[in-house]
1. Based on the mean of other Cβ atoms within 10 Å per residue, sort peptides 21-27, 176-182 so the most packed one is first.
2. For the chain, with every protein chain kept in place, what is the accessible area per residue (1.4 Å probe, Å²)?
3. Let me know the shape class of segment 105-252, please: from the alpha-carbon gyration tensor, a ≥ b ≥ c as square roots of the eigenvalues, rounded when a/c is under 1.5, otherwise prolate if a/b is greater than b/c, or oblate.
4. Before anything else, pin down the relative contact order of segment 153-214: Cα pairs under 8 Å, at least 6 apart, normalised by residue count, whole percent.
5. Set Lys and Arg Cβ to +1 and Asp and Glu Cβ to -1, take the dipole of segment 116-252 about its Cα centre, and tell me which of SER221, HIS118, SER190 lies farthest positive.
6. How much of the accessible area of the chain, in percent, comes from carbon and sulfur atoms when a 1.4 Å probe is used?
7. Which part of segment 152-189 falls in the paramagnetic zone of LEU201, meaning amide N under 15 Å from the point 7 Å along Cα-to-beta-carbon?
8. Only Lys, Arg, Asp and Glu count, each charged at its Cβ (+1, +1, -1, -1), so figure out the dipole size of the chain about its Cα centre, rounded to 20 debye.
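The values are calculated or read from the model by the stated rules, or taken from the named source; none is laboratory data. Keep in mind it's a predicted model, so treat the numbers as computed, not measured. We place every Cβ from the backbone using ideal geometry, glycine too, and count neighbours over all the protein chains shown. Please note that ligands, DNA and RNA were not included when accessible areas were found on the heavy atoms of the full protein model with its side chains. Shrake-Rupley method; radii C 1.70, N 1.55, O 1.52, S 1.80 Å.
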Amino acid sequence: MRFSEELLDRLASATRVAVLTGSGVSAESGIATFRDPNGLWARFRPEELARVDAFLANPERVQGWYTYRRDIVHRAEPNPAHRALALMETLYEHFTLVTQNVDDLHRRAGSGQVIELHGNLTRNFCITCGKAAAPDRVDAAPDGLVRCDDCGGLVRPDVVWFGETLPPDAVEKAWTAASEAELFLSIGTSAVVYPAAELPLVAARAGAYVVEVNIEPSAMSEAADEVLIGPAGSILPVLVDIARERMEDMKT
Ligand code: BV8
Ligand code: ZN
């Protein structure tokens with residue numbers, strides 16, 4: 001795969017790097033993405049499940065869907081893409097990893113600071129009193145309906161559903177990092193979900209060199225300075241190796 005001189009230079013000399021990941025970065029861990037034909041949404045439409053009204057209308061079905069997804073996530077392992085990003089964090093003075101994923105795999109791969117725009121399905125809480133639900137409780141409900149052991153309220157995953165606002169502190173950190181980045185990587189996202197899909201545009205407008213890594217073009221490819229077509233699990237380790245080599249060369 002050929003990389004531009006601009007990318008090679010920025011990999012070696014950038015001090016501020018920001019990354020946005022989507023479900024494509026977890027595809028090689030065996031976790032289906034959202035919009036590919038056999039993706040998570042293929043059998044269900046997002047509006048049916050990832051919405052507050054869908055949850056209130058049929059809490060058992062939505063809780064069951066997240067139990068199913070947590071089981072997949074618990075059995076999955078971080079892949080070379082996650083591990084390359086954990087390594088990348090150690091190479092730059094200011095490195096910010098922003099993810100739309102709720103699968104906890106960046107943290108499990110060793111990334112120190114992960115900004116979770118859409119929450120994390122391994123965390124759950126009671127919608128009535130807000131009490132966090134113990135992880136082992138949420139997947140072992142006898143009658144299928146998981147209720148808070150304090151007040152009996154319904155338990156939901158700590159993820160951002162459609163129509164819900166993103167966590168303000170995560171948004172603040174992500175938008176700041178994108179607007180200050182010299183190099184911005186958009187990895188494994190179709191860039192159709194807003195406001196997360198805004199981030200590469202924020203970076204481009206602020207003068208970052210924007211690089212997309214995806215197995216096919218996405219809605220943000222136009223805004224990218226460079227589009228690297230291929231699996232994140234193959235491309236990211238190469239980018240990290242190049243960065244380290246060129247940083248070494250610059251020292252000698
Ligand atoms: C909000 C958590 C409003 C839950 C998720 C403006 C314009 C249009 C619509 C809107 C807008 N503003 C708001 C909306 C509505 C909505 C929205 O964007 N809808 C879309 C569908 C049109 N947005 C919202 O509702 C957001 N909330 O804005 O609130 C508001 C404002 C003020 C006050 C009150 C309210 C909330 C959005 C968050 C929804 N939650 N997830 C859960 O997961 O259960 S979204 C879900 O989609 C996931 O988080 C996922 O990460 C995200 C994005 O999908 P991708 O990650 O990109 O996955 P996808 O399958 O699409 O693509 C995978 C990509 O990987 C592909 O490109 C593929 O080619 C690539 N790939 C595959 N394999 C690989 C690979 N790449 C590299 N390597 C590989 N091996
Ligand atoms: Zn409660």
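1. 21-27, 176-182
2. 46 Å²
3. Judged from the Cα gyration tensor, segment 105-252 comes out prolate (a/c at least 1.5, a/b above b/c).
4. Relative contact order here is 37 percent.
5. Checked the options; the winner is HIS118.
6. 52 percent
7. Taking a point 7 Å out along Cα→Cβ of LEU201, the residues of segment 152-189 whose backbone N falls under 15 Å are 175, 179.
8. It comes to approximately 560 debye.
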